[in-house]
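S.K.: This is the structure I want to talk about, given as structure tokens.
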Amino acid sequence: MKKLIVLLVFISGYCYSQVPVFNFQTNKEYKIILKGADDFKKADEIGRQMEKMQLAVFSYVDPVNDIGYFIVDNFYKVHEIEKIINNIDGCSYISFEEIPLNEDNYLDMYMKRGGFENNEFSNNPPKKVIMGPYDELSNSLYKKAVSVWVKKYPENKEMIEKYYIEKIKNEAPKFVDTGNPEKDNQEYNKAKEKWLNENPEKYNRIINYREDE
């Protein structure tokens with residue numbers, strides 16, 4: 001009977017399914033206390049199941065505290081998440097509350113989903129979380145995490161390739177126009193050749209860099 005209920009909820013979930021969209025301004029975050037998500041594998045499976053059924057735009061379930069954090073685009077989906085939790089063997093729903101979807105809470109979710117503890121946040125830029133076939137969703141979630149992380153830890157922003165490339169480009173020689181084109185080109189080409197000879201690794205990083213869409 002339990003499997004039948006889960007199947008019916010799964011089907012009903014897809015009645016309103018569409019390509020999931022992350023909107024930091026309008027989405028809501030809910031904290032759900034449950035029982036039975038007390039190991040990493042099970043906690044991860046619960047979060048991913050809610051995403052696959054498009055009940056959550058993004059999620060993180062903490063196996064240490066048996067607490068799930070779910071970003072949703074519709075309050076109704078919180079009740080659907082409750083039903084699913086109650087129909088997972090060994091799990092039960094306890095309570096929920098809405099919490100602010102602010103930058104600190106979002107970064108906490110995203111970094112922990114990437115496997116980092118709180119004391120590791122500052123020295124580890126966000127890892128991109130792949131949201132199944134939804135590239136646009138993966139990119140929007142990642143870009144928001146990066147923007148918040150850079151704002152919070154600006155001294156370490158060059159640990160992210162985009163900002164490191166910007167630093168390298170600023171170090172590279174620039175063309176200076178003095179009004180003497182022949183001499184200016186000679187000076188620029190000389191400086192550029194010298195920089196390339198001294199910084200082959202940095203040059204390769206520039207030419208091989210591809211920013212995520």
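S.K.: Taking the stretch 84-104 as the region of interest, how many residues are in contact with a strand residue (DSSP E or B) (Cβ under 6 Å, 6 or more places away or on another chain) and open to solvent by 50 Å² or more (accessible area, probe 1.4 Å)?
M.R.: Summing the residues that are in contact with a strand residue (DSSP E or B) (Cβ under 6 Å, 6 or more places away or on another chain) and open to solvent by 50 Å² or more (accessible area, probe 1.4 Å) in the stretch 84-104 gives 5.
S.K.: Any idea which residue in the stretch 9-34 is nearest to the chain's Cα centre (by Cα), counting only those that are open to solvent by 100 Å² or more (accessible area, probe 1.4 Å) and at pLDDT below 95? Break it down into steps so the answer makes sense when it comes.
M.R.: Quick first cut of the stretch 9-34, residues open to solvent by 100 Å² or more (accessible area, probe 1.4 Å) only: 15, 18, 25.
Within this subset, residues satisfying the condition of being at pLDDT below 95 are 15, 18.
Values: CYS15: 27, GLN18: 20 Å.
Among them, the one singled out is GLN18.
S.K.: Still on this model: Answer yes or no as to whether TYR142 is of a type in the set (Phe, Trp, Tyr) and over 22 Å from ILE71 (Cβ atoms).
M.R.: Answer is no for this residue.
S.K.: Could you go through the stretch 191-203 and let me know if any residue there is under 28 Å from MET111 (Cβ atoms), among the aromatic types (Phe, Trp, Tyr) and either under 28 Å from the mean Cα position of the chain (by Cα) or surrounded by 15 or more Cβ atoms within 10 Å (Cβ to Cβ) (or both).
M.R.: Initial filter on the stretch 191-203 (under 28 Å from MET111 (Cβ atoms)): none.
Looking through the stretch 191-203, none of the residues is under 28 Å from MET111 (Cβ atoms), among the aromatic types (Phe, Trp, Tyr) and either under 28 Å from the mean Cα position of the chain (by Cα) or surrounded by 15 or more Cβ atoms within 10 Å (Cβ to Cβ) (or both).
S.K.: Moving on. Would you say TYR110 is farther than 18 Å from ILE130 by Cβ, within 22 Å of the chain's Cα centre (by Cα) and of a type in the set (Phe, Trp, Tyr)?
M.R.: no
S.K.: What about ALA145, is it open to solvent by less than 70 Å² (accessible area, probe 1.4 Å) and within 15 Å of the chain's Cα centre (by Cα)?
M.R.: Considered against the rule, which asks whether it is open to solvent by less than 70 Å² (accessible area, probe 1.4 Å) and within 15 Å of the chain's Cα centre (by Cα), ALA145 comes out as yes.
S.K.: Can you say whether ASN74 is closer than 25 Å to GLN18 by Cα and among the polar types (S, T, N, Q), as far as the supplied structure shows?
M.R.: yes
S.K.: Scan the stretch 54-83 for residues that are aliphatic (A, V, I, L, M) and either open to solvent by 50 Å² or more (accessible area, probe 1.4 Å) or modelled with pLDDT under 95 (or both) and jot them down.
M.R.: Taking the stretch 54-83 as the starting set, the residues that turn out to be aliphatic (A, V, I, L, M) are 55-57, 61, 64, 67, 71-72, 78, 81.
The one that is aliphatic (A, V, I, L, M) and either open to solvent by 50 Å² or more (accessible area, probe 1.4 Å) or modelled with pLDDT under 95 (or both): VAL64.
S.K.: Restricting to the stretch 60-107, and then to whatever is assigned to a strand (DSSP E or B) and free of Cβ contacts under 8 Å to residues at least 40 places away in the same chain, can you tell me which residue is nearest to the chain's Cα centre (by Cα)?
M.R.: In this case the residue turns out to be VAL61.
S.K.: Would it be correct to say that GLU51 is touching a residue at least 40 places away in the same chain (Cβ under 8 Å) and open to solvent by less than 20 Å² (accessible area, probe 1.4 Å)? Before you say what the answer is, go through the steps one by one.
M.R.: On the way: touching a residue at least 40 places away in the same chain (Cβ under 8 Å): yes; open to solvent by less than 20 Å² (accessible area, probe 1.4 Å): no.
Considered against the rule, which asks whether it is touching a residue at least 40 places away in the same chain (Cβ under 8 Å) and open to solvent by less than 20 Å² (accessible area, probe 1.4 Å), GLU51 comes out as no.
S.K.: Identify all residues within the stretch 113-134 that are in a loop (DSSP other than H, G, I, E, B) and either more than 17 Å from TYR60 (Cα to Cα) or more than 10 Å from the chain's Cα centre (by Cα) (or both); write none if there are none.
M.R.: GLY115, PHE116, GLU117, PHE121, SER122, ASN123, ASN124, PRO125, GLY132, PRO133, TYR134
S.K.: Scan (1) open to solvent by 70 Å² or more (accessible area, probe 1.4 Å); (2) under 21 Å from ASN123 (Cα atoms) for the single condition ILE160 breaks and write down its number.
M.R.: (1)
The values are calculated or read from the model by the stated rules, or taken from the named source; none is laboratory data. Fair warning: this is a prediction, and the values are worked out from it, not measured in the lab. Every residue, glycine among them, receives a Cβ derived from its backbone with ideal geometry; neighbour counts consider all protein chains shown. Each accessible area value is taken on the protein alone, full model and side chains, heavy atoms only, with ligands, DNA and RNA left out. Shrake-Rupley method; radii C 1.70, N 1.55, O 1.52, S 1.80 Å.
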